[in-house]
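First the structure, in the form of C-alpha cells, and then the observations on it.
Each reported figure results from applying straightforward, stated rules to the coordinates on display, with no laboratory input. None of the values given here were measured: they were computed from a predicted structure. Glycine also receives a Cβ, built like all others from the backbone with ideal geometry; neighbour counts cover every protein chain displayed.
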Amino acid sequence: MTEPRQTPAPIRRLSDTISDLAEGPTWDHRSRTLYWCDILGKRLIARDWATGTETIRSLPDVIGSFGLTTDPDVLIVALRDRVGLYRLDKKPFEPLVAIEETDERTRLNDGKVGPDGAFWVGTMDDRPDRKPIGALYRIDASGGCTRMVEGVTVSNGLAWSPDGRTLYHADSRPGRIEAWDFDPATGAIANRRLFAQMTNDSGRPDGGTVDAQGDYWSAGVSAGVINRFSPDGTLVETLKMPVPRPTMPCFCGPGLDTLVITSLRPPGDADMLSAYPDSGGLFALTPGVRGLPGHLFKL
C-alpha cells in the first residue's frame, strides 16, 4: 500500500481571534464572508474576506454549528438543544425545533446544509465518559425533524461528494468515518459503509469537507493533522498543523482555493497552551485544489 504524502504545508495564522473551541468554518460566496463559531464562548464570528474586518455576535447558548440559507441575512443555527433561524441584523433567535431537550447528557454538535436543502445536525454525549447515545438528524424548512442515524457518540465530519450522491459522516470517539448513498432530491440515505477507521495516532475525525475532485478532508483532532482521503477511502495526504487540535477544514475565498482550519484550546493543559499559544486560532493554507460552494437551507 502506498504511504500517504506527509506535506509540510506553509500554514499561516489568519485571524487574531482566539476561541476555546473554534468550529464550523463556512464560506458565503454571496457576501465573500467567512463565518466560524466559538462553541463554548457562544460567539459567531464573521470575517470580511477583502478587508479582514471581523464582526463578533453573541448567541444565547453554546452554538454547535450553523449553515447558510437562501436569505443571505439569515443563518440556520444549532444551539445546545434547539435549531432555529438567526438574523444577522441582531433580531432574536427564532426556534424551529427542539432536539433531545430533555436529555441533559447530550448537546447538538456538527451540522451542515445538504444538497437536499435541509440542515443535517448531530448530537454528542457531552459527558467525559462518552457513550453512543447521540444521533444524526435532518431538519427541513417547516421545522420537520427526522432522526436518520442512531447510536452515535460524537457526531461529526458531515460533507457530501461533488455530485451530491454520497454523504460522509464521522463518529469521533470510535474514530469511524462512514459513507452513505444519498438522494439529493429527498435526503434519503442507504448503503451504510465504513470509509476509514482512524486512531488517536492517525487522527480521530472531527470536522470534514470535500474538494472539487471528490477527496474528503478530515481534521485529525487527536493528532494535529488534516487527513485527505480519495473517494475510495485511501489516505493520500497528511498535513501537519502548527497546533495539536485542529477541528474543521473549509475551502473558502473567491476562488475556493484557500483551505482554512479551526482549532481548539485544551482546557486546563497549561503546558500545551504554553507550547502552542496559537491553539484556538484560525489557520489558512493554499492546498493546490479547489473546494465546492456551500449548500443553502431552503427557507
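Computed log10 I(q)/I(0) for the chain at 0.07, 0.12, 0.13 Å⁻¹: -0.22, -0.70, -0.83, from the Debye equation with unit scatterers placed on every C-alpha and solvent omitted. Does region 84-212 come out rounded, prolate or oblate, given a ≥ b ≥ c as the square roots of the eigenvalues of its C-alpha gyration tensor, rounded meaning a/c under 1.5 and, failing that, prolate meaning a/b above b/c? It comes out oblate by the Cα gyration axes. Along region 199-208 the Karplus relation, 6.51 cos²θ - 1.76 cosθ + 1.60 evaluated at θ = phi - 60°, assigns HN-Hα couplings of 10, 4, 6, 8, x, 4, x, 9, x, x Hz to successive residues, with x for each Gly and Pro.
The label point for R192 and the one for L299, both projected 7 Å from the Cα toward the Cβ, are 3.5 nm apart. Most tightly packed first, judged by the mean number of other beta-carbon atoms within 10 Å of their residues, the peptides 50-63, 247-260 read 247-260, 50-63. Of the GluC sites (Glu not before Pro) in region 78-116, the ones in a loop by DSSP (not H, G, I, E or B) with at most 13 other beta carbons within 10 Å are E101, E104. Comparing T51, G144, G255 along the charge dipole axis of region 5-285, the residue lying farthest to the positive side is T51, per the Cβ-charge model. Note on K131 and D163: their simple-model spin labels are 4.2 nm apart, each label 7 Å out from Cα toward Cβ. Taken about its Cα centre, region 158-229 carries a charge dipole of about 200 debye when Lys and Arg each add +1 at the Cβ and Asp and Glu each add -1 at the Cβ. Over the chain, DSSP H runs of length four or greater, each weighted -39,500 (n - 2.57), average out per residue to a 222 nm ellipticity of -500 deg cm²/dmol. Put a plus charge on the Cβ of each Lys and Arg, a minus charge on the Cβ of each Asp and Glu, and nothing anywhere else: the dipole of region 5-285 about its Cα centre is then about 240 debye. Each Lys or Arg adds one and each Asp or Glu takes one away; over the other residues whose Cβ falls under 9 Å from the Cβ of R165, this sums to -3.
Sorting the Cα pairs of region 103-172 by distance into bins of 5 Å, from 0 upward, gives 4, 18, 27, 24, 15, 7, 3, 1 percent per bin.
Between region 271-299 and region 105-128, the C-alpha centres lie 19 angstrom from each other. Assuming charge only on the beta carbon of Lys and Arg (+1) and of Asp and Glu (-1), the dipole of region 212-299 about its Cα centre is about 200 debye to the nearest 20. Of the two radii for region 149-276, the radius of gyration is 0.99 times the Kirkwood radius, both from the alpha carbons; that is the Rg over Rh value. Packing-based ranking of 144-151, 198-205 yields 198-205, 144-151, ordered from highest to lowest mean Cβ neighbour count within 10 Å.
Can you figure out the FRET efficiency of D278 with T234, using R₀ = 25 Å and their beta-carbon distance, to the nearest 0.05? Working from the Cβ atoms, E equals 0.20.
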